[in-house]
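The values are calculated or read from the model by the stated rules, or taken from the named source; none is laboratory data. Keep in mind it's a predicted model, so treat the numbers as computed, not measured. Glycine gets a Cβ as well: all are built from the backbone with ideal geometry, and neighbour counts include every protein chain shown.
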């Protein structure tokens with residue numbers, strides 16, 4: 001479920017969710033009894049936890065990100081949790097609010113993230129920033145390779161050589177440029193035969 005507030009802030013880099021919620025300015029300080037908290041889910045059960053919490057009429061938010069991945073030798077676009085094994089839940093914690101017990105016993109939920117024995121409260125501004133960032137990344141998915149990036153050829157006669165990624169085509173092949181004899185030589189390579197060069 002989406003939050004109504006909208007701001008123009010953007011998150012430029014991703015950090016583990018526990019670092020985000022303990023970062024300066026992100027721990028909630030509002031006197032409002034309705035606050036966001038962090039749930040740790042079981043491994044790869046974020047969607048299951050979200051579905052089961054939704055069925056209990058809890059307001060939850062699972063930030064997603066669109067990534068390009070190789071499956072069975074072909075590139076596909078997949079949606080994954082921005083923070084694997086975590087999601088956010090909004091709760092009213094006043095005396096009339098719902099308790100923690102139903103959350104802890106929900107299928108897919110491991111526990112509530114806590115610090116010093118207290119559930120970790122998240123400021124509304126962080127949720128708004130995550131939603132803005134999520135919208136941007138869904139519109140501009142993360143690709144395996146970007147033009148101009150250095151890659152390594154993994155197999156074939158040019159295995160082990162570095163090249164510069166140029167573009168992909170509809171046949172799941174990539175055009176790269178090899179530096180040979182002081183010239184850039186174009187070469188078509190299967191997408192699953194490339195690996196990005198890491199610094």
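Filter segment 145-158 down to the residues that are under 22 Å from the mean Cα position of the chain (by Cα) and closer than 13 Å to residue 190 by Cα and list them by number. Result: 145, single match.
So which residues in segment 138-197 are touching a helix residue (DSSP H, G or I) at 6+ places or on another chain (Cβ under 9 Å), within 30 Å of residue 64 (Cβ to Cβ) and buried (at least 17 other Cβ atoms within 10 Å of the Cβ), if there are any at all? Selection gives 144, 145, 168, 174.
Residues checked against (1) more than 22 Å from the chain's Cα centre (by Cα); (2) at pLDDT 85 or above; (3) part of a loop (DSSP other than H, G, I, E, B):
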position: 25; (1), (2), (3): no, no, yes
position: 29; (1), (2), (3): yes, no, yes
position: 44; (1), (2), (3): no, yes, yes
position: 49; (1), (2), (3): no, yes, no
position: 52; (1), (2), (3): no, yes, no
position: 87; (1), (2), (3): no, yes, no
position: 90; (1), (2), (3): no, yes, no
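Residue 119 fulfils the conditions (1) crowded, with 18+ Cβ neighbours inside 10 Å; (2) modelled with pLDDT of 90 or more; (3) over 30 Å from residue 195 (Cβ atoms) except for a single criterion, (2).
Of all the numbered requirements in (1) under 18 Å from residue 73 (Cα atoms); (2) touching a strand residue (DSSP E or B) at 6+ places or on another chain (Cβ under 6 Å); (3) modelled with pLDDT under 80, residue 145 misses one, and that requirement is (3). Scanning segment 97-123 for residues that are over 17 Å from residue 58 (Cβ atoms) and either touching a strand residue (DSSP E or B) at 6+ places or on another chain (Cβ under 8 Å) or in contact (Cβ under 8 Å) with a residue 40 or more places away in the chain (or both) yields 115, 123.
For the structure I just gave you, tell me whether residue 79 is assigned to a helix (DSSP H, G or I) and under 25 Å from residue 196 (Cβ atoms). Here the answer is no, as residue 79 does not meet what is asked.
When the criteria are applied in full, residue 15 fails the requirement of being under 17 Å from the mean Cα position of the chain (by Cα), at pLDDT 60 or above and outside any strand (DSSP E or B).
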